[in-house]
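One structure below.
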Amino acid sequence: SHFSSLDNKRLIESDKAHYMHGYHAFDEHRQHGSLNITQGDDAYIRDAQGQQYLDAVGGMWCTNIGLAREEMAQAIAEQTRQLAYSNSFCDMANDRAIQLSEKLAELAPGDLDRVFLTTGGSTAVDTAIRLVHYYQNCRGKHEKKQIITRINAYHGSTYLTMSLGGKQADRPEEFDFLTDGIHHLSCPNFYRAPEGVNEAEFLEGLVAEFENKILEIGPERVGAFLAEPIMGSGGVIIPPAGYHRRMWEVCQRHDVLYISDEVVTSFGRLGHFFASEAEFDIQPDIITTAKGLTSGYQPLGACIFSERIWEVIAEPGAGRCFSHGFTYSGHPVACAAALKNIEILEREALLPRAREVGRYFEQRLRTLEDLPIVGEVRARCFMACVEFVADKTTRTLFPEALNIGEWVHLRAQKRGLLVRPIVHLNVMSPALTLTHEQVDFVVDVLRESILETL
Ligand code: PLP
């Protein structure tokens with residue numbers, strides 16, 4: 001480890017004194033400080049005490065190719081020497097940003113050939129919403145701006161993207177939210193569907209709710225539908241089969257743009273570069289991505305949109321420009337990291353590998369459903385979660401104050417496994433390099449940790 005335990009004690013005090021991190025309860029932080037991570041290698045991370053963990057969280061749904069890749073370090077170092085920074089405003093560009101845009105256009109489905117580079121997922125989604133408004137204004141549809149999203153969605157932490165999100169836990173009363181022009185539909189979680197409703201009926205209900213919402217607002221006022229293919233931090237919600245296709249068809253009927261937020265689901269997490277078309281049979285108008293785009297080696301995001309939108313906004317002779325951009329848009333070092341990351345995903349065939357090991361991960365995790373407090377295991381490829389319930393028949397949750405997810409998480413941590421607790425869930429999205437043996441380790445440790453919690 002890099003630090004002696006004395007150094008670390010001092011660092012933990014500094015952490016408590018100066019470093020505010022999101023989602024850490026103030027009282028807990030004040031008392032315990034944080035788990036200081038000092039090293040990472042492939043799917044493993046190590047804390048300042050030298051304790052090693054298999055990081056089944058994958059950083060934060062992002063370390064797709066695994067940590068400590070020498071090739072990545074080299075690509076980043078070389079680009080830093082060559083050109084550490086250059087802006088992307090006005091007529092400025094750089095080799096790496098151009099190459100990455102071309103590559104993303106090639107990988108994205110259909111005519112999604114236009115790319116705006118951002119600093120992460122939140123700024124990609126924010127860009128997408130600005131683009132929708134810009135596009136509608138260019139078409140003279142000045143009223144067509146309302147956005148429809150869903151309960152339990154997560155789209156980022158800027159003011160706008162958090163307002164688009166629909167997680168109750170992210171909406172404590174101390175925060176304010178934008179509400180104007182934002183609508184939330186039901187979460188497509190069949191496990192929580194009303195009793196007596198089968199999956200086909202549940203799906204019909206969701207589609208009808210969407211269409212009715214558009215008709216209620218007025219199709220001339222609805223600009224876009226925004227959805228994650230599989231909700232991530234909302235609890236790995238895998239919608240009923242056909243859901244996205246049906247929602248997309250509703251969008252087509254009412255001239256509503258479909259924004260697929262693939263910040264988590266792209267770059268192999270579901271076994272494809274993008275999941276929208278490959279897994280869900282839709283061609284969105286806009287895709288937002290980040291995270292696995294660089295596997296977390298550099299911060300970067302992208303808003304990828306259709307030629308159809310481009311032709312409207314960039315109409316020759318109209319004299320417009322898109323007055324939008326971040327200092328770090330098209331950052332050459334971040335783009336170099338993304339290009340090398342994509343090269344590694346392709347060369348090592350990590351996508352087909354993820355599909356194969358992902359199936360094994362799904363099957364093994366489902367075996368946990370025999371445990372008395374496991375209500376449901378939801379897993380698709382390298383996105384997974386275990387939902388804990390106090391009563392399996394009624395699906396009643398434990399009291400929130402009990403923090404059941406945290407309990408299991410701490411017991412797993414003791415055994416060298418990190419999972420992400422979200423209230424009554426343990427969420428996982430490990431590196432795509434995970435072996436069958438490591439899958440077994442994750443599932444076995446989870447079982448022991450849950451049994452210890454009973
Ligand atoms: N969209 C989705 C679906 C996400 O899961 C996240 C982050 O978890 C974001 C957007 C925001 O991305 P970032 O944290 O890079 O701003």
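The values are calculated or read from the model by the stated rules, or taken from the named source; none is laboratory data. Remember, it's a predicted structure, so these values are computed and weren't measured experimentally. Backbone-built Cβ (ideal geometry, glycine too); neighbour counts: all protein chains shown. Side chains are part of the model used for accessible areas, which takes the heavy atoms of the whole protein and leaves out ligands, DNA and RNA. Shrake-Rupley method; radii C 1.70, N 1.55, O 1.52, S 1.80 Å.
Fully extending the segment from TYR19 to GLN99, taken as 0.36 nm per residue of separation minus the present Cα-Cα distance, adds 25.1 nm.
When shorter helices are ignored and each DSSP H run of at least 4 residues is given -39500 (n - 2.57), the per-residue value for the chain at 222 nm works out to -12500 deg cm²/dmol. Loop-located GluC sites (Glu not before Pro) across region 155-239 with a Cβ neighbour count of 15 or fewer within 10 Å are GLU173, GLU174, GLU195, with loop assigned by DSSP. Does region 231-330 come out rounded, prolate or oblate by the C-alpha gyration tensor, with a ≥ b ≥ c the root eigenvalues, rounded set by a/c under 1.5 and, if not, prolate when a/b is larger than b/c and oblate if not? In terms of gyration-tensor shape, oblate. Looking at region 171-219, the accessible area is 61 square angstrom per residue; that uses a 1.4 Å probe and ignores ligands, DNA and RNA.
In straight-distance terms, cross-link reach from LYS145 covers every one of the aspartates and glutamates whose alpha-carbon lies under 13 Å from its own, apart from those fewer than eight places away in the same chain; here that gives ASP180, GLU220, ASP255. DSSP bridge analysis restricted to region 105-239 gives an antiparallel fraction near 10%, rounded to the nearest 5. If I compute solvent accessible area with a 1.4 Å probe over the protein chains, what percent of it on the chain is carbon and sulfur? So the carbon and sulfur contribution to the accessible surface is 51 percent. As a calculated quantity, the FRET efficiency between GLN51 and TYR191 at R0 = 45 Å, using C-beta atoms, amounts to about 0.85.
Region 80-141: which chymotrypsin sites (Phe, Trp or Tyr not before Pro) are DSSP loop and have at most 15 other beta-carbon atoms within 10 angstrom?
Details: sites: TYR85, PHE89, PHE116, TYR134, TYR135; in loops: TYR85, PHE89.
Those satisfying the criteria are TYR85, PHE89.
Pairs from the table (LYS16/LYS414; LYS167/LYS392; LYS141/LYS213; LYS9/LYS414; LYS144/LYS340; LYS9/LYS291) lying more than 28 angstrom apart at Cα are LYS144/LYS340; LYS9/LYS291. When DSSP assigns beta bridges and you keep just the ones with both residues in the chain, what percent turn out antiparallel, to the nearest 5? Percent antiparallel among DSSP bridges in the chain is about 65.
Residue ranges 224-234, 36-46 sort as 224-234, 36-46 when ordered by packing (mean number of other C-beta atoms within 10 Å per residue, highest first). The overall shape of the chain, judged from the alpha-carbon gyration tensor, is oblate: a/c is not under 1.5, and a/b is no greater than b/c.
Computed about its Cα centre, the charge dipole of region 111-209 is approximately 460 debye, with only Lys, Arg, Asp and Glu carrying charge at their Cβ. Magnitude of the charge dipole for the chain, about its Cα centre and with charges confined to Cβ atoms of Lys, Arg (+1) and Asp, Glu (-1), is about 420 debye. Just check region 344-435 against the gyration tensor rule for me: Cα atoms, a ≥ b ≥ c as the square roots of the eigenvalues, rounded for a/c under 1.5, and otherwise prolate or oblate depending on whether a/b exceeds b/c. Prolate, since a/c reaches 1.5 and a/b exceeds b/c.
When peptides 331-344, 425-438 are ranked by their average number of other Cβ atoms within 10 Å per residue, the highest-first order is 331-344, 425-438.
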